[in-house]
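Pasting a structure here, questions to come.
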Amino acid sequence: MDTYELMTRNVDEVVTDEEVRELAADPEGKRVYVGYEPSGVLHLGHLLTANKLIDLQDAGMEVVVLLADVHAYLNGKGTFEEIRETAEQMRAQFLAYGLEESRTEFVYGSEYQLEDDYVLDLHELELSTTLKRAQRAMAELQSGETAKVSHVVYPLMQALDIEYLDLDLAVGGMDQRKVHMLMREELPGLGYDARPCLHTPIVADLTTGEGKMSSSEGITISMEDSSDDLEEKVNSAFCPPTREPEGDLENPVLELFEYHVFPRFETVLVERPEKYGGDLTYETFEALATDLESGELHPADAKGTLASYLDELIAPGREKLLELRNA
């Protein structure tokens, strides 16, 4: 595939297509980032955007990972010392997952977000942004949680980070779209350029196919899952023998093949006894999805294969996590 296709595969939205095509024409040395709040063990939500970062490194771009310790502090995730310890674990897991260390810069928000220039620019954003606009960009609060001033400041900081990290491209899940649109609207008012963005999909809830997979509900797959845990979770996943279930439901098993497995493996082997038709080999996601729809591939065989490949992907991070905890 060409550079543009590599940069944009498995994204839900490109903002804007013209700007990203311009980047794709000369990506070498350009800087792309994702920001992560240090809040725990990496899960498939983190790793979906990490897959995109790996694509962008393959395209020639330099990756910046913001370990957003100030954001985590504003979100009540602990002391700076506790947050920093979590962030260091996340850094090690990202590298174990496949980011190229020599082309990945890890930055703590506290390295620049407390400096005078940043704080003054943040105040300028506070002056120019209506409360209603900032609230639209806020992350959804958990049930029963009361909104605080810090929740409104949080997205303004995310917008400003894109300037202060000297970036050419911002990446995030579709849940970050409102923040990125705020950035594109407000940064020019400070004399800074708006940056293009890539938005990755949100994988559906593993057991129901509804909404999104959520670590807060305890139903996601993370790097601390054992092989047995992973197999149990995948085997209990919602996987009708259709590519597109009725209504608003999605097929999370197919989504995980599409967004996690096929980007990282050239072929996918489904091992089956001869009496059930023998092994199947797939070079593309489309071929696998078509066989599931036709009945050639049984959901149980799809689940078993998915569990095996996901286990291979997260095993290095799992081992690194155990190493850090035992140090």
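Sort out which residues of the range 84-104 are outside any loop (DSSP other than H, G, I, E, B) and not hydrophobic (A, V, I, L, M, F, W, C), and write them in order of number.
84, 85, 86, 88, 89, 91, 93, 97, 101, 102, 103, 104
Name the single residue that is surrounded by the most Cβ atoms within 10 Å (Cβ to Cβ) among those in the range 253-273 being assigned to a helix (DSSP H, G or I) and either at pLDDT below 95 or among the aromatic types (Phe, Trp, Tyr) (or both).
Only one residue fits best here, namely 257.
So the check is Cβ under 6 Å with 6+ separation or different chains; which pairs have a first residue in the range 189-202 that's of a type in the set (D, E, K, R) and a second one that's crowded, with 16+ Cβ neighbours inside 10 Å?
Short answer, once both residue conditions are applied: 195/162; 195/167; 195/170.
A further question follows. Residue 212: under 15 Å from residue 44 (Cα atoms), of a type in the set (Lys, Arg) and surrounded by fewer than 20 Cβ atoms within 10 Å (Cβ to Cβ), yes or no?
Yes: the conditions hold for residue 212.
Taking the condition of being buried (at least 17 other Cβ atoms within 10 Å of the Cβ), outside any loop (DSSP other than H, G, I, E, B) and either in contact with a Pro (Cβ under 7 Å, 6 or more places away or on another chain) or touching a residue at least 24 places away in the same chain (Cβ under 8 Å) (or both), how many residues in the range 71-83 meet it?
Count: 4.
Can I ask one more? Against the condition among the basic types (Lys, Arg) and under 27 Å from the mean Cα position of the chain (by Cα), how does residue 264 come out, does it pass?
For residue 264, the condition - among the basic types (Lys, Arg) and under 27 Å from the mean Cα position of the chain (by Cα) - is met.
Taking the range 223-252 only, how many residues are modelled with pLDDT of 95 or more, closer than 30 Å to residue 7 by Cα and among the hydroxyl-bearing types (Ser, Thr, Tyr)?
0
Per-residue answers, yes or no, for (1) more than 22 Å from residue 47 (Cβ to Cβ); (2) among the small types (Gly, Ala, Ser); (3) assigned by TED's automatic domain parsing to the domain that holds residue 90:
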{"site": "264", "(1), (2), (3)": "no, no, no"}
{"site": "271", "(1), (2), (3)": "yes, no, no"}
{"site": "278", "(1), (2), (3)": "yes, yes, no"}
{"site": "290", "(1), (2), (3)": "yes, no, no"}
{"site": "302", "(1), (2), (3)": "no, yes, no"}
{"site": "311", "(1), (2), (3)": "no, no, no"}
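Outside the structural domain of residue 11 (by TED's automatic domain parsing), over 25 Å from the mean Cα position of the chain (by Cα) and not charged (D, E, K, R) - does that describe any residue in the range 229-238?
no
I'd like the full set of residues that are of a type outside the set (A, V, I, L, M) and either out of contact with any strand residue (DSSP E or B) (no Cβ under 9 Å at 6 or more places or on another chain) or without any contact (Cβ under 8 Å) to a residue 24 or more places away in the chain (or both), limited to the range 89-107.
Once the filter is applied, which keeps residues that are of a type outside the set (A, V, I, L, M) and either out of contact with any strand residue (DSSP E or B) (no Cβ under 9 Å at 6 or more places or on another chain) or without any contact (Cβ under 8 Å) to a residue 24 or more places away in the chain (or both), the range 89-107 yields 89, 93, 97, 98, 101, 102.
One line per residue, one yes/no per condition, for (1) farther than 26 Å from residue 31 by Cβ; (2) within 23 Å of the chain's Cα centre (by Cα); (3) in contact (Cβ under 8 Å) with a residue 12 or more places away in the chain:
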site: 86; (1), (2), (3): no, yes, yes
site: 109; (1), (2), (3): no, yes, yes
site: 112; (1), (2), (3): no, no, yes
site: 115; (1), (2), (3): no, no, no
site: 128; (1), (2), (3): no, no, yes
site: 132; (1), (2), (3): yes, no, no
site: 139; (1), (2), (3): no, yes, yes
site: 153; (1), (2), (3): no, yes, yes
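The values are calculated or read from the model by the stated rules, or taken from the named source; none is laboratory data. Fair warning: this is a prediction, and the values are worked out from it, not measured in the lab. Heads up, the Cβs are rebuilt from the backbone with ideal geometry, glycines too, and the neighbour counts pull from every protein chain shown.
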